[in-house]
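Read the figures in this text as sums done on the coordinates, not as results from a lab. Source: prediction; values computed, not measured. No Cβ is skipped: glycine too gets one built from the backbone with ideal geometry, and neighbour counts run over all protein chains shown.
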4 protein chains.
Amino acid sequence: MASRGINKVILIGNLGNDPEIRYLPNGGAVANLSLATSESWRDKNTGEMREKTEWHRVVLFGKTAEVAGEYLRKGSQVYIEGQLQTRKWQDQNGQDRYTTEVAVQPFSGSMQMLGGRGGQNQGQPMQQSPQQQGGWGQPQQPKQPQQNFNQQPPQQQSAPQPQSQPQQQYNDLPDFDDDIPF
Amino acid sequence: MASRGINKVILIGNLGNDPEIRYLPNGGAVANLSLATSESWRDKNTGEMREKTEWHRVVLFGKTAEVAGEYLRKGSQVYIEGQLQTRKWQDQNGQDRYTTEVAVQPFSGSMQMLGGRGGQNQGQPMQQSPQQQGGWGQPQQPKQPQQNFNQQPPQQQSAPQPQSQPQQQYNDLPDFDDDIPF
Amino acid sequence: MASRGINKVILIGNLGNDPEIRYLPNGGAVANLSLATSESWRDKNTGEMREKTEWHRVVLFGKTAEVAGEYLRKGSQVYIEGQLQTRKWQDQNGQDRYTTEVAVQPFSGSMQMLGGRGGQNQGQPMQQSPQQQGGWGQPQQPKQPQQNFNQQPPQQQSAPQPQSQPQQQYNDLPDFDDDIPF
Amino acid sequence: MASRGINKVILIGNLGNDPEIRYLPNGGAVANLSLATSESWRDKNTGEMREKTEWHRVVLFGKTAEVAGEYLRKGSQVYIEGQLQTRKWQDQNGQDRYTTEVAVQPFSGSMQMLGGRGGQNQGQPMQQSPQQQGGWGQPQQPKQPQQNFNQQPPQQQSAPQPQSQPQQQYNDLPDFDDDIPF
DNA sequence: TTTT
DNA sequence: TTTT
């Protein structure tokens, strides 16, 4: 039954890069987002404005991952509800390393694009070249499922992807289908 | 001003150990908690119950840290509201490492002890030897402020404390005092 | 599909009364909780401590409602995650009235009992007479499903139940079963 | 100190109207928002898409209220973190009525405009006539503080404003100033 | 109507 | 690496 404890993360931020989508052997999609949240405040001592940006590694699964891959782009503003998850892996020296991610679970998590397609809901069509940033992108071409799940280690400053991580780590996902509203 | 983005973590879990309290050169308290949240579910394929525990590294500041040090014990159930924060540090080989914590900020975060003092509010006095677990402890003796802030690297399974981290990392805290209700 | 917008309520509080359980014509359970959250603070002007209690009307569905009915009692501390929902109804004079509730939806919401059964996880069996308050109760006897869903209007100070409300308001619930982990 | 219990509401939605700003006798601003969150889902039985919109009454105080009054407009997308609060009032027949609001407290709550000024961050200046909807408005002219706080009962579909409510209900607000980062 |  |  259920769970003992609450593990909930709520983020609103902007993507530092286009989502990275991969496909599991069983065809399920997995998307990784690099999401920035920033705070600014006036320093009590110096009176100057200061700013600090935090980068979050977000991982999405299944349908939600596909939607992210199709509509999110570098700069997109997005709402994320997920849970904290720390994965253990070995670096090239065989040393234990840990990476903490925000996992958006199919049932309990959610992802929502913010800001509206045409900006202020004015309904005008959005033309967006690849160089343009922010907002929602046009759907990309359907991607081919790939077998090489860990082929390209993501580069991330604040919580780098392991270079040798367990292969089957997402096989335990609960089943889910289109009928579930998320 | 303020912030662009939302960075919020909500946890309810139990402490794996007594809080570790340290004091900054300016006398401000810092507490580290190791907090477990667990989920259990029935495996769709095997029909067996499965359980997974996630360990969170939580850091508290100031008054909240002192309250944690005085009243929380191994096993205590606690509510935490904080924000995700990834610190960079160098390991003994000079390699960059990252540790993600849930920081309970003086203004925006909060900590709350759950479950009541005597358990089911039956009012009976709680005697709690150091070996006993859970609930709220009696206040410990006042601790002496220490200078050696990073003296003892905490041991934590899922996100170990750096062995050589920046010394002055918490000097930017906003001022706060007893009038602020948190 | 899914949703545009976020509507999320998180409460931790104590029950002012035992849960009220009812059964829909289709056999689905519905539970109503009256949940108190309180804040206390020192008045800046007078220096006195002040306290304010807020009462929340919470409604649970299905399995979660049954668990609430079996284990929660007056005084129990509970975590609730749900969504705000304002229902319109007519009072005896035919005037429109509105009641705002926190609805714990089967998929997106959750309920969790806090504080542990025996208090500090000391494992001692809990004996709890009906007069005792707080903690988790023993399971009540299984209740008989009833047809008369709106037979007894609940009495609640802060957000009274309509005396003539729509009969079929909960028929749109998504299906759910035991496999869904909530 | 502090509080016993958690009372937290998180909303992301769009304004149904421009904010209504009023000023307390002491000069403090109070803003009321009417915020819509909507859900859509496919009906399991009919296969049709269905949608339900929930309207939330949000109240902001002080600086946050002023920012809302200056930058938010009908259609604006906004993030709200506040707490549930039910106010009692008497209708014209002297009957007790209750209104539930989401109050964004100066210290614990927050408000954040979403979606960026020019929509997809394309940098083009936004011209917005009063009829245009969504996005962030240009700052309005500074308003004159008014004494007649309850002069105009707001019109809101789901939780109408009382027609005769307590006059001094917001006098208990904690002091706050510009140094506090929210 | 709860709890501390 | 984002955004303002």
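Can you work out ³J(HN,Hα) from phi for every residue in segment A:65-73, in order, using Karplus 6.51 cos²θ - 1.76 cosθ + 1.60 and θ = phi - 60°, giving whole Hz and x for Gly and Pro?
5, 5, 4, 4, x, 7, 10, 8, 9
What is the average number of partner chain Cβ atoms found within 10 Å of a Cβ in B:91-102?
That average works out to 4.
Can you tell me how segment B:1-44 classifies by the Cα gyration tensor, rounded, prolate or oblate, using a/c under 1.5 as the rounded cut? Don't skip to the answer; put the middle values down first.
Values: a/c = 5.95, a/b = 1.37, b/c = 4.32.
Oblate, because a/c is 1.5 or more while a/b does not exceed b/c.
Is there a simple number for the mean count of other chain Cβ atoms within 10 Å of the Cβ of residues in A:34-46, and what is it?
Working: counts 0, 2, 3, 8, 4, 10, 5, 10, 5, 2, 5, 2, 0.
Per residue, the average neighbour count from other chains is 4.
By the gyration tensor of its Cα atoms, with a ≥ b ≥ c the square roots of the eigenvalues, what is the shape of segment B:60-114: rounded for a/c under 1.5, prolate for a/b over b/c, or oblate?
In terms of gyration-tensor shape, prolate.
Going 7 Å from Cα along the Cα-Cβ axis for the label, what nanometre distances separate C:Q95 from the same residue across the other copies?
Spelled out, the distances from C:Q95's label point are 0.5, 7.2, 7.2 nm.
Can you classify segment A:14-123 as rounded, prolate or oblate using the Cα gyration tensor, where a ≥ b ≥ c are the square roots of its eigenvalues, rounded means a/c under 1.5, and otherwise it's prolate if a/b beats b/c and oblate if not? Let's see the in-between values first.
Working: a/c = 2.40, a/b = 1.15, b/c = 2.09.
Oblate.
What residue in chain B has the Cβ closest to the axis turning B into A, and how close is it in whole Å?
Nearest Cβ to the rotation axis, residue and whole-Å distance: B:T100, 2.
In nm, one decimal, shortest first: how far is the label point of A:N26 (7 Å from Cα along Cα to beta carbon) from the matching points in the other copies?
List, nearest first: 2.8, 5.2, 5.9 nm.
Other chains near B:7-19: what is the mean number of their Cβ atoms within 10 Å of each residue's Cβ?
5
Placing the label point 7 Å from Cα along the Cα-to-Cβ direction, what are the distances from C:K52 to the equivalent spots in the other copies, shortest first, in nm to one decimal?
3.0, 3.0, 4.1
Normalised by the number of residues in segment A:15-126, what is the relative contact order in percent for Cα pairs under 8 Å and 6+ residues apart? Don't skip to the end; give the middle numbers.
Values: 207 pairs, mean separation 26.6, N = 112.
Dividing the mean separation by the residue count of segment A:15-126 yields 24 percent.
Using the basic label-point model (7 angstrom from Cα toward the beta carbon), what is the C:F107 to A:N26 distance in nanometres?
Inter-label distance under the simple model: 1.9 nm.
Name the long-range amide H neighbours of C:N7: under 5 Å, sequence gap of 5 or more, or other chain; modelled H, no Pro or chain starts.
D:I12
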